[in-house]
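The values are calculated or read from the model by the stated rules, or taken from the named source; none is laboratory data. Bear in mind the structure is a predicted one, so any value in this text is a computation, not a measurement. Every residue, glycine as well, gets a Cβ built from its backbone with ideal geometry; the counts of neighbours run over all protein chains shown. Each accessible area value is taken on the protein alone, full model and side chains, heavy atoms only, with ligands, DNA and RNA left out. Shrake-Rupley method; radii C 1.70, N 1.55, O 1.52, S 1.80 Å.
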Amino acid sequence: MKLETIAIHAGNKIDPTTKAVIQPLTLSTTFQRDEDGNYPGGFVYSRADNPNRQSLENVLAKLEGGFDACAFASGNAAGAALFQSLEPGSHVIAADDMYHGLKALINQVFPNILDVDYIDLSDLEAIKAAIKPHTTKLIWIETPSNPLLKVADIRAICEIASTHGIKVCCDNTFASPIFQRPLELGADFVMYSSTKYFGGHSDILGGAMIAAEASALWAQVRNIQSLSGAVPSPFDCYMTVRGIKTLPYRMRGHAANAREIALFLQRHPKVEKVFYPGLESHPLHNVAREQMSDFGGMLSFTLAEGEAAARKVANAMEIFTQATSLGGVESLLEHRASVEGPASKTPKNLLRLSVGLEAVDDLIDDLQQAIG
Ligand code: PLP
């Protein structure tokens with residue numbers, strides 16, 4: 001089955017009693033037992049499982065071509081479950097510009113538990129050199145990365161990892177399963193902030209982890225999900241399933257708009273540099289073309305006149321809203337360094353765009369009037 005069909009049907013069940021075509025929202029936290037003490041409906045208590053979460057996990061696993069999926073209350077909770085599943089003392093290799101909130105989680109919650117090296121994952125030799133025999137257990141890829149849109153070669157990294165028995169997880173939030181399929185390129189796990197493109201409307205918080213196959217590590221992720229309970233509410237599951245139905249079409253619109261905007265910015269004399277994997281000027285455009293079917297809706301650019309000019313542009317936008325996050329139908333713009341805080345290595349003259357689904361001419365006019 002094709003992704004468009006999976007997206008619409010794999011997260012839905014026609015209600016057997018009312019025949020409602022759209023699966024209803026099940027808010028009950030608890031489920032009735034029969035006379036023998038069994039649970040004939042297949043559910044016990046909603047921290048462990050719930051009909052809406054089960055449907056969400058089903059569509060997530062099917063869309064990714066995975067064995068199983070766990071839905072979480074946020075992307076960070078999904079990442080945390082995998083980090084927590086590693087044995088204490090494990091060594092992790094992670095992208096040097098990985099999403100700053102996950103880096104903060106690793107550094108502040110796991111500092112005495114995990115040993116982490118942040119590496120430029122576009123440098124395969126640097127990855128090989130960072131591997132510690134016996135203790136390296138996980139390589140954490142994020143591609144394209146946030147906010148520099150760096151590209152890592154998923155297949156090549158997975159080949160290096162598998163020769164050392166190391167697991168690979170790819171944060172695929174920017175690309176979505178519509179444009180990039182890490183499990184097919186050899187990754188063991190794929191992670192998402194479903195707050196972004198899966199939800200698609202900036203009104204739910206969620207995360208997901210999908211596994212290629214059964215393993216002890218995966219069993220522990222599932223255990224952490226149901227025992228720690230960082231799970232999405234039935235309503236958020238319902239909304240995410242609803243959002244996923246249009247994901248393939250939304251992603252095409254995001255990518256088409258982002259490409260036009262990237263080309264416009266590249267021609268603009270006040271723009272210093274555009275970071276978008278779909279541009280031939282991107283240093284790893286060839287790798288991006290190999291592993292992505294399109295390049296997504298996220299891009300960043302720097303202003304030739306520096307930080308003050310960047311902040312002025314951010315304040316002058318009329319259609320783009322100045323706000324963090326991404327993946328909604330509305331366009332957002334952000335001065336990224338100031339959101340990431342003092343430890344940020346992001347250039348101070350950089351603005352990040354989450355390109356929405358408005359008419360692209362209106363978005364370009366907005367950028368033109370703000371940049372001048
Ligand atoms: N990964 C990426 C690439 C992100 O952009 C984000 C959030 O911005 C996350 C993970 C974390 O997701 P959440 O905010 O849902 O916890």
Accessible surface ranking that places the most exposed of Asp362, Asp96 first, with a 1.4 angstrom probe: Asp362, Asp96
Summed side-chain charge close to Gly101 - residues other than Gly101 whose Cβ falls under 12 Å, Lys, Arg +1, Asp, Glu -1: -2
Two-site FRET efficiency, His9 against Glu330, from Cβ-Cβ distance with R₀ of 22 Å, rounded to 0.05: 0.20
The chain - share of DSSP beta bridges that are antiparallel (%, nearest 5): 55
Rounded Å value of the spacing that divides the Cα centres of segment 136-197 and segment 346-372: 27
Segment 3-244: Lys pairs at Cα distance under 19 angstrom, eight or more positions apart or on different chains: 12
Choice from Ala216, Ala262, Ala78 with maximal GNM fluctuation in the chain (Cα, 10 Å cutoff): Ala216
Antiparallel DSSP beta bridges within segment 248-371, as percent of all bridges there, nearest 5: 85
Long-range amide H partners of Gln322 with built H, under 5 Å: Leu333
Cα centre as origin, Lys/Arg/Asp/Glu Cβ charges: segment 248-371 dipole, Debye: 400
Neighbour net charge for Ala343 - beta-carbon separation under 15 angstrom, K R +1, D E -1: +1
Most mobile listed residue (Asp36, Asp68, Asp97) in the chain, GNM with C-alpha springs under 10 Å: Asp36
Apportionment of accessible area to carbon and sulfur, the chain, percent (1.4 Å): 53
Dipole-positive endmost among Ile22, Phe320, Gly75 within the chain (Cβ charges, Cα centre): Ile22
Choice from Phe110, Phe301, Phe83 showing the highest fluctuation, given a GNM over the chain with Cα pairs closer than 10 Å: Phe110
Cα centroid separation, segment 8-57 to segment 305-324 (Å): 46
Probe 1.4 Å, protein heavy atoms only - accessible area per residue of the chain in square angstrom: 43
